[in-house]
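Chemist: Quick one: this structure, given as structure tokens, is what I'll be asking you about.
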Amino acid sequence: MKNLIISAVGDDSLHGEWMEGTAAFDLCLIYYGNKKEVAEKYTLEARYFYQASGMKYHLLFDWIEKNPTLIQEYTYVWLPDNDVSIPTSEINRLFQLAADYQLQLCQPAMTGYISHPLTQPKPGSFLRYTNFVEVLAPLMHINTLLQLKDSFRLNYSGWGYDYLWPYLLGYPKNSIAIIDNIIMRHTKPIGADYSRFPKHPKKEMQEIFKQYKKGMQKEFMVYKTIPGGE
């Protein structure tokens, strides 16, 4: 099994922390900055390096489209924001647990700056099967990624994708999960200045809800909890 991280990164990315141990995955960095010295540093740190400007999911889509044969060498692909703090050993376990539980779509539980309480670690839970994985750091099986990648271009902000993806997968009750036994920390506040977007992200999310209004769930659900942990 081969695993890959693809992350759109700026000048203060935390990806160095992800690679401090022995990594059971490859790293692809998509650098959206313009500093030559940073680009040179990141080129040495990553298995694959790509420099381009744009929004996270647009950049991810472009790289995947440019590397169709390469991407299919991997079984699981993780797409974290560059302000996620998590050690190498826990990333290795994330990939392994995704495979062990045959997950299509999942994420670690999250502390720090939180948008959705559902993603916080639940005491006594090892893993929860849900109908939601946040857009901030989803891990996808390669088949899931190839099925969902066209949605990466639906808007600029990415808002609403995390509600849409489980719908497009048919709301399976045993292959979308939040893994409470693995915790990542979101280190930066959620953005408040959306002037760079042609539309406010909330409007973009509403447009997704409107486009897929038949059957798309807005309420978070936990189908089953596998106990474990503290």
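Chemist: Could you give me the ³J(HN,Hα) list for segment 149-162, computed from phi with Karplus coefficients 6.51, -1.76, 1.60 and θ = phi - 60°, whole Hz, x at Gly and Pro?
Modeler: Once θ is set to phi - 60°, the couplings for segment 149-162 become 4, 5, 5, 5, 10, 5, 8, 8, 7, x, 5, x, 4, 5 Hz.
Chemist: Roughly how many Å is it from the Cα centre of segment 1-80 to that of segment 193-208, as a whole number?
Modeler: 25
Chemist: Using the Cα centre of the chain as the reference point, and only Cβ charges (+1 on K/R, -1 on D/E), how large is the resulting charge dipole? Debye, rounded to the nearest 20.
Modeler: The dipole of the chain has a size of about 840 debye.
Chemist: At 25 °C and 0.890 mPa s, what whole-number value in µm²/s does Stokes-Einstein give for the translational diffusion of the chain, with Rh from the Kirkwood sum over Cα pairs?
Modeler: In µm²/s, the coefficient is 137.
Chemist: Where does segment 152-230 land on Rg(C-alpha)/(2.2 N^0.38 Å)?
Modeler: 1.33
Chemist: Return the long-range amide H neighbours of Ser125 (sequence gap of 5 or more, or a different chain), with a cut-off of under 5 Å between placed amide H atoms.
Modeler: Gly228
Chemist: Based on alpha-carbon positions alone, could you give the equivalent ellipsoid semi-axes of segment 184-230 from the gyration tensor, as √(5λ), descending, whole Å?
Modeler: In descending order the semi-axes read 29, 22, 5 Å.
Chemist: Set the Förster radius R0 to 35 Å, insert the Cβ-Cβ distance between Lys188 and Lys213 as r into 1/(1 + (r/R0)^6), and round the FRET efficiency to 0.05.
Modeler: 0.60
Chemist: With unit charges on the beta carbons (Lys and Arg positive, Asp and Glu negative) and the dipole taken about the Cα centre of the chain, which residue among Phe126, Leu27, Gly160 sits farthest to the positive side?
Modeler: Positive-most Cα among the choices belongs to Gly160.
Chemist: Shifting gears a bit: Could you bin all the Cα-Cα distances of segment 92-189 into 5 Å bins starting at 0 and give me the percent of pairs in each, rounded to whole numbers?
Modeler: 2, 13, 25, 25, 20, 11, 2, 0
Chemist: Calculate, for Gln120 and Ile226, the FRET efficiency according to 1/(1 + (r/R0)^6) with r their C-beta to C-beta distance and R0 22 Å; round to the nearest 0.05.
Modeler: The value I calculate is 0.85.
Chemist: State the extension gain, in nm to one decimal, for the chain segment bounded by Glu45 and Gln206, taking 0.36 nm per residue of separation less the distance between their alpha-carbons.
Modeler: 54.1 nm
Chemist: For the chain, modelled as a Gaussian network with Cα springs under 10 Å, which listed residue fluctuates most, Ser195, Ser89, Ser115?
Modeler: Taking springs between Cα atoms under 10 Å, the residue moving most is Ser195.
Chemist: While we're looking at this one, here's another question. Rounded to the nearest 500 deg cm²/dmol, what is the calculated helix-only ellipticity per residue at 222 nm for the chain, with -39500 (n - 2.57) per DSSP H run of length n ≥ 4?
Modeler: One gets -8000 deg cm²/dmol as the mean residue ellipticity at 222 nm.
Chemist: By the scheme Lys and Arg +1, Asp and Glu -1, what is the net charge of all other residues having a beta-carbon under 12 Å from that of Gln206?
Modeler: Its environment carries a net charge of +4.
Chemist: Quantify how much of the Cα-Cα distance distribution of segment 164-209 extends past 18 Å, in percent.
Modeler: Here the tail beyond 18 Å accounts for 60 percent of pairs.
Here, each number is a calculation from the coordinates, and none is a lab measurement. Please read these numbers as outputs of a predicted model, since none were measured by experiment. Positions of Cβ are generated from backbone atoms using ideal geometry, with glycine treated the same way; all protein chains shown enter the neighbour counts.
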